[in-house]
Amino acid sequence: MNNRLEQFLAAENISQAEFADAIGVARASVSHILAGRNKPSYDFLTGMLLHYPRLNMEWLLAGKGKMYKDPLESRIPPAPAAEPEPAPDLFSIPPREEPLAPPTARPDTDTAVPATNPALEMTTQKTDNQRKITKIIVFFDDNTFQELPEV
């Protein structure tokens with residue numbers, strides 16, 4: 001695989017350092033893979049797949065087929081035919097028209113389910129097996145994340 005990775009870097013006309021920065025791995029890991037000392041990690045392969053979607057992973061991993069999925073072997077992706085409709089996100093989904101059903105008793109207890117929405121409460125609640133939330137991480141579409149402070 002190290003030879004095919006070297007061929008890919010040459011085809012893309014990028015250095016090892018540029019490649020490592022692009023896929024979000026340590027620069028030394030690219031050097032170690034190219035030298036045959038290490039095998040690529042899951043994060044390495046995932047970063048390649050996300051940053052280079054036209055790369056044929058079957059070619060990279062097994063040497064089968066061509067380097068790129070499409071016949072145009074250039075770095076410039078084809079222009080989209082039409083503007084794709086964005087996928088709805090959590091905050092753009094319209095509210096339900098019909099009201100939710102009233103809370104019912106859970107089969108394992110005699111108490112009713114609380115009518116409040118736990119997603120709106122910012123308190124730490126214990127679950128049935130005495131676990132509690134210790135960390136919440138929010139991931140953004142620009143590949144960044146934010147760790148929310150403890151409550």
| note | Rounded to the nearest 0.05, FRET efficiency between K66 and F140 (Cβ-Cβ, R0 35 Å) equals 0.55
| query | Rounded, prolate or oblate: which fits the range 19-63, taking a ≥ b ≥ c as square roots of the Cα gyration tensor eigenvalues, rounded meaning a/c under 1.5, else prolate when a/b beats b/c? | reply | oblate
| note | Residue by residue through the range 28-34, the couplings from Karplus 6.51 cos²θ - 1.76 cosθ + 1.60 with θ = phi - 60°, in Hz, x for Gly and Pro, are 5, 5, 5, 4, 5, 5, 5
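May I ask you to derive the FRET efficiency for N13 and N38 from their Cβ-Cβ distance with R0 = 22 Å, giving the value to the nearest 0.05?
So, using R0 = 22 Å, E works out to roughly 0.35.
Taken together, the values in this text are just the output of simple stated rules run on the coordinates, not laboratory data. Quick caveat: nothing in here was measured; it's all calculated off a predicted structure. Every residue, glycine as well, gets a Cβ built from its backbone with ideal geometry; the counts of neighbours run over all protein chains shown.
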